[in-house]
Amino acid sequence: MAAMLKLTCVVLACMVVVAPYAAEGAISCGTVVSKVTPCIPYLQGAALQPNCCAGLKSLLAATKTTPDRQAACNCLKSAARSIPGINYGNAASLPGKCAVSVPYKLAPSTDCTKYIQW
(Lines give C-alpha, C1' and ligand atoms only; values in the text may rest on other atoms or scores of the structure.)
Protein backbone atom coordinates (compact mmCIF):
# COMPACT_ATOMS: atom_id res chain seq x y z
CA MET A 1 0.00 0.00 0.00
CA ALA A 2 2.84 2.42 0.85
CA ALA A 3 4.50 1.70 -2.50
CA MET A 4 1.28 2.48 -4.35
CA LEU A 5 0.95 5.78 -2.49
CA LYS A 6 4.55 6.72 -3.38
CA LEU A 7 3.95 5.82 -7.04
CA THR A 8 0.79 7.93 -7.09
CA CYS A 9 2.67 10.88 -5.62
CA VAL A 10 5.44 10.57 -8.22
CA VAL A 11 2.92 10.39 -11.08
CA LEU A 12 1.05 13.45 -9.76
CA ALA A 13 4.31 15.37 -9.35
CA CYS A 14 5.27 14.57 -12.95
CA MET A 15 1.88 15.73 -14.19
CA VAL A 16 2.23 19.04 -12.36
CA VAL A 17 5.70 19.62 -13.81
CA VAL A 18 4.86 18.60 -17.39
CA ALA A 19 1.42 20.25 -17.75
CA PRO A 20 2.60 23.85 -18.22
CA TYR A 21 4.99 22.80 -20.98
CA ALA A 22 2.36 20.77 -22.80
CA ALA A 23 -0.05 23.73 -22.73
CA GLU A 24 2.42 26.06 -24.43
CA GLY A 25 2.19 24.35 -27.80
CA ALA A 26 4.82 22.62 -29.83
CA ILE A 27 5.00 25.30 -32.53
CA SER A 28 7.54 28.04 -31.91
CA CYS A 29 7.11 31.73 -32.59
CA GLY A 30 10.07 31.50 -34.92
CA THR A 31 8.23 28.95 -37.04
CA VAL A 32 5.04 31.02 -37.05
CA VAL A 33 6.88 34.19 -38.05
CA SER A 34 8.89 32.46 -40.76
CA LYS A 35 5.71 31.12 -42.36
CA VAL A 36 3.97 34.50 -42.49
CA THR A 37 6.97 36.72 -43.26
CA PRO A 38 6.09 36.74 -46.99
CA CYS A 39 2.82 38.45 -46.01
CA ILE A 40 4.47 41.51 -44.46
CA PRO A 41 4.55 43.57 -47.68
CA TYR A 42 0.82 42.96 -48.16
CA LEU A 43 0.14 43.92 -44.56
CA GLN A 44 1.95 47.19 -45.25
CA GLY A 45 -0.06 47.94 -48.40
CA ALA A 46 1.74 46.18 -51.26
CA ALA A 47 0.21 43.59 -53.59
CA LEU A 48 -0.47 40.10 -52.26
CA GLN A 49 2.21 37.61 -53.27
CA PRO A 50 1.47 33.88 -53.79
CA ASN A 51 4.15 32.83 -51.29
CA CYS A 52 2.18 34.68 -48.58
CA CYS A 53 -0.83 32.39 -49.06
CA ALA A 54 1.43 29.34 -49.24
CA GLY A 55 2.99 30.32 -45.91
CA LEU A 56 -0.40 30.94 -44.29
CA LYS A 57 -1.70 27.57 -45.49
CA SER A 58 1.46 25.89 -44.22
CA LEU A 59 1.00 27.55 -40.83
CA LEU A 60 -2.60 26.37 -40.58
CA ALA A 61 -1.53 22.83 -41.50
CA ALA A 62 1.15 22.91 -38.78
CA THR A 63 -1.24 23.95 -36.01
CA LYS A 64 -3.34 20.87 -35.30
CA THR A 65 -3.69 21.11 -31.53
CA THR A 66 -5.38 23.71 -29.34
CA PRO A 67 -2.07 24.76 -27.72
CA ASP A 68 -0.48 25.12 -31.16
CA ARG A 69 -3.37 27.25 -32.41
CA GLN A 70 -3.30 29.48 -29.36
CA ALA A 71 0.48 29.79 -29.53
CA ALA A 72 0.30 30.72 -33.22
CA CYS A 73 -2.40 33.31 -32.49
CA ASN A 74 -0.30 34.86 -29.72
CA CYS A 75 2.81 34.85 -31.90
CA LEU A 76 0.93 36.58 -34.72
CA LYS A 77 -0.31 39.25 -32.32
CA SER A 78 3.16 39.78 -30.92
CA ALA A 79 4.78 39.93 -34.36
CA ALA A 80 2.15 42.39 -35.61
CA ARG A 81 3.12 44.85 -32.87
CA SER A 82 6.64 44.97 -34.29
CA ILE A 83 5.63 45.58 -37.92
CA PRO A 84 5.61 49.29 -38.74
CA GLY A 85 2.75 50.57 -40.88
CA ILE A 86 0.61 47.45 -40.64
CA ASN A 87 -2.83 47.80 -42.21
CA TYR A 88 -5.25 45.74 -40.11
CA GLY A 89 -7.84 45.89 -42.89
CA ASN A 90 -5.38 44.00 -45.08
CA ALA A 91 -4.70 41.60 -42.22
CA ALA A 92 -8.42 40.92 -41.84
CA SER A 93 -8.80 40.28 -45.58
CA LEU A 94 -5.87 37.87 -45.77
CA PRO A 95 -7.72 34.62 -44.94
CA GLY A 96 -10.34 35.32 -47.62
CA LYS A 97 -7.78 36.27 -50.23
CA CYS A 98 -5.81 33.08 -49.48
CA ALA A 99 -8.96 30.91 -49.37
CA VAL A 100 -8.31 29.67 -45.82
CA SER A 101 -10.46 29.67 -42.72
CA VAL A 102 -9.08 31.38 -39.64
CA PRO A 103 -11.68 31.53 -36.84
CA TYR A 104 -10.58 34.87 -35.44
CA LYS A 105 -9.93 38.36 -36.66
CA LEU A 106 -6.25 39.04 -37.21
CA ALA A 107 -6.14 42.04 -34.88
CA PRO A 108 -4.28 43.15 -31.74
CA SER A 109 -7.47 42.91 -29.67
CA THR A 110 -8.04 39.21 -30.40
CA ASP A 111 -8.24 37.00 -27.31
CA CYS A 112 -6.33 33.90 -28.42
CA THR A 113 -7.61 31.82 -25.50
CA LYS A 114 -11.11 31.82 -27.00
CA TYR A 115 -10.14 30.28 -30.33
CA ILE A 116 -9.30 26.62 -30.23
CA GLN A 117 -10.69 25.19 -33.46
CA TRP A 118 -10.31 26.09 -37.12
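The values are calculated or read from the model by the stated rules, or taken from the named source; none is laboratory data. Being a predicted model, the structure only gives us computed values, none of them experimental. Reconstructed Cβ throughout: ideal geometry from the backbone, glycine too, with neighbour counts over all protein chains shown.
Miscellaneous remarks
- Across segment 52-65, the number of residues qualifying as over 14 Å from V100 (Cβ atoms) and either buried (at least 20 other Cβ atoms within 10 Å of the Cβ) or not hydroxyl-bearing (S, T, Y) (or both) comes to 1.
- Reported count of residues in segment 66-100, each being among the polar types (S, T, N, Q), more than 17 Å from Q44 (Cβ to Cβ) and surrounded by 14 or more Cβ atoms within 10 Å (Cβ to Cβ), is 3.
- Cβ-Cβ under 6 Å pairs, at least 6 apart or on other chains, segment 51-67 side in a helix (DSSP H, G or I), far side among the small types (G, A, S) and surrounded by 13 or more Cβ atoms within 10 Å (Cβ to Cβ): P67/G25
- Filter result for G25 (modelled with pLDDT under 90 and surrounded by 15 or more Cβ atoms within 10 Å (Cβ to Cβ)): yes
- Scope segment 41-50; condition part of a helix (DSSP H, G or I) and either crowded, with 17+ Cβ neighbours inside 10 Å or small (G, A, S) (or both); matching residues: Y42, L43
- Number of residues in segment 101-118 that are surrounded by 15 or more Cβ atoms within 10 Å (Cβ to Cβ), modelled with pLDDT of 85 or more and part of a loop (DSSP other than H, G, I, E, B): the value is 1.
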